[in-house]
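Since the structure comes first, as structure tokens, the remarks are kept for the end.
The values are calculated or read from the model by the stated rules, or taken from the named source; none is laboratory data. Note that the structure is a prediction, hence the values are computed from the model and not measured. Because the Cβ atoms are built from the backbone with ideal geometry, glycine has one as well, and the counts that use them run over all protein chains shown. To get the accessible areas, we keep the full protein, side chains included, count just its heavy atoms, and leave off ligands, DNA and RNA. Shrake-Rupley method; radii C 1.70, N 1.55, O 1.52, S 1.80 Å.
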Amino acid sequence: MKTSPPLPQTDARRTPVNRGGTVLPGAATPRGETPAPGRTAAGRPTAAEPAHRPAAALADGEDRATEAALRPKDLNGFIGQERVREQLDLVLRAARQRSATAEHVLLSGAPGLGKTTLAMIIAAEMGAPLRITSGPAIQHPGDLAAVLASLTGGEVLFLDEIHRMSRPAEEMLYLAMEDFRVDIVVGTGLDAAAMSLELPPFTLVGATVRAGLLLPPLRDRFGFTGHMEFYEPAELERVVHRSARLLEVEIEPAGAAEIAGRSRGTPRIANRLLRRVRDYAQVTADGVVSREIASAAMGVYEVDGRGLDRLDRAVLHALLKLFGGGPVGLATLAVAVGEERDTVEEVAEPFLVREGLLARTPRGRVATPAAWAHLGLVPPPGPSWAASPGPHRSGDSGQDSPPGGCTGTTSPAAPRHRPP
């Protein structure tokens, strides 16, 4: 009699939490944790280890601890996203009154807006343990089956970057979300056998920055879908004041407003800037964060009054000074600033477009009049490329092409006008 091979293991992390969001004792150790001193990952003895960890590891651990401390523990402490909070509160309260598992939740929006924090709050509000994994870690159906088979009743599974999960695993997830069952095949060849694993009821919380990449069958299986919006400056000021209290930083209202205005509508960036301003105030001043101190610290870290950082300004400088405002292809623009094409497209462009400093056209990237004004430059005389008509090529997303949209093909000449 043949035995079934064990299901493959993944790097899912299991973090039990209570209603207050506190991690409970006995949580499973995340995969990849440093092995015990004097032993390798396989259990073999090693050479003597240094008494202290490297400074980089200590700094990284401090930043992670600070980020965890700044996360709100319940919906009442979560700032912003009023509509999503109200809707989610109704969903969770109704589930608790029925003593049932909460419905599956899909959260979409730009990075840093609080999707992971809301997933932790959902687990805390439901009094359930939280399991954390990500789409890139689930590339085979067996990876997903291993995670699902180890879930307990009512557990919350947070799947970050769910749009990057493989299609076969995504199709297995359909059945698990709807019927709480997975079908797997064990063995190979003539010894292969199909097995059906019954799963306890659980809540899936999916997070994505690209909801459009999810197939409709997967989106339709979520009982609640919330879209996270960028924060207003007043909301970010509240975030900064709350974080300053937790970090025991003395901050003036004008200093909080200065940080909030440069945070690009994102709480994660606001908290990061607050920590850097705190360091500057501690080293160069009396530790009090005022408008002047915050502005001086932002100058040191190359964040201007509109929130543009070094990469953003490099893109605008190249577009304006090297290419006269465009249009220019994305690959050429990336080479001009010395960055990868994906970095320019996914990191710099979204904010520049949202601020009205850059436009995407069928023939390439084009600077707007606001971009010239922001850098204190005068646009060249004559019609801009953005205003000049050009052929629209289907499927073109601003790739490299000569000015005017020429593609190397010749168009038929217009007939000459002959006088009578």
*Compare ASP286, ASP143, ASP160 by solvent-accessible area with a 1.4 Å probe and give them largest first, with all protein chains kept in place.*
ASP286, ASP160, ASP143
*Just grab the label-to-label distance for GLU103 and ARG245, each label 7 Å out from Cα along the Cβ direction, in nm (one decimal).*
3.4
*Which value in nm describes the separation of the simple spin-label points at ARG276 and ALA69, placed 7 Å from the Cα toward the beta carbon?*
2.1
*Search the structure for amide H atoms under 5 Å from the amide H of LEU358, placed 1.01 Å from N in the peptide plane, and list their residues when 5 or more places away or on another chain.*
VAL353, THR368
*asked:* Can you sort LYS115, LYS73, LYS321 by solvent-accessible area, 1.4 Å probe, largest first?
replied: LYS321, LYS73, LYS115
_Which order do the peptides 303-316, 74-87, 95-108 come out in when sorted by mean C-beta neighbours inside 10 angstrom, highest first?_
303-316, 95-108, 74-87
_Cβ-defined net charge surrounding LEU144, 11 Å radius [Lys, Arg +1; Asp, Glu -1]_ = -3
*For the stretch 285-362, with only Lys/Arg (+1) and Asp/Glu (-1) charged at the beta-carbon, what is the dipole magnitude about the Cα centre, in debye rounded to 20?*
320
*Along the charge dipole of the stretch 221-274, which of LEU247, PHE224, ILE259 sits closest to the positive end, that is, farthest toward it, with unit charges on the beta carbon of Lys, Arg, Asp and Glu (+1, +1, -1, -1)?*
PHE224
*Give the calculated FRET efficiency between GLU171 and VAL288 to the nearest 0.05, with a Förster radius of 56 Å applied to their Cβ-Cβ distance.*
0.50
*Largest first, what is the accessible-area ranking of LEU213, LEU157 with a 1.4 Å probe?*
LEU213, LEU157
*Grab the beta carbon distance between GLU198 and VAL378, set R0 = 60 Å, and tell me the FRET efficiency rounded to 0.05.*
0.30
*Accessible surface of the stretch 78-205, 1.4 Å probe, proportion on carbon and sulfur as whole %*: 52
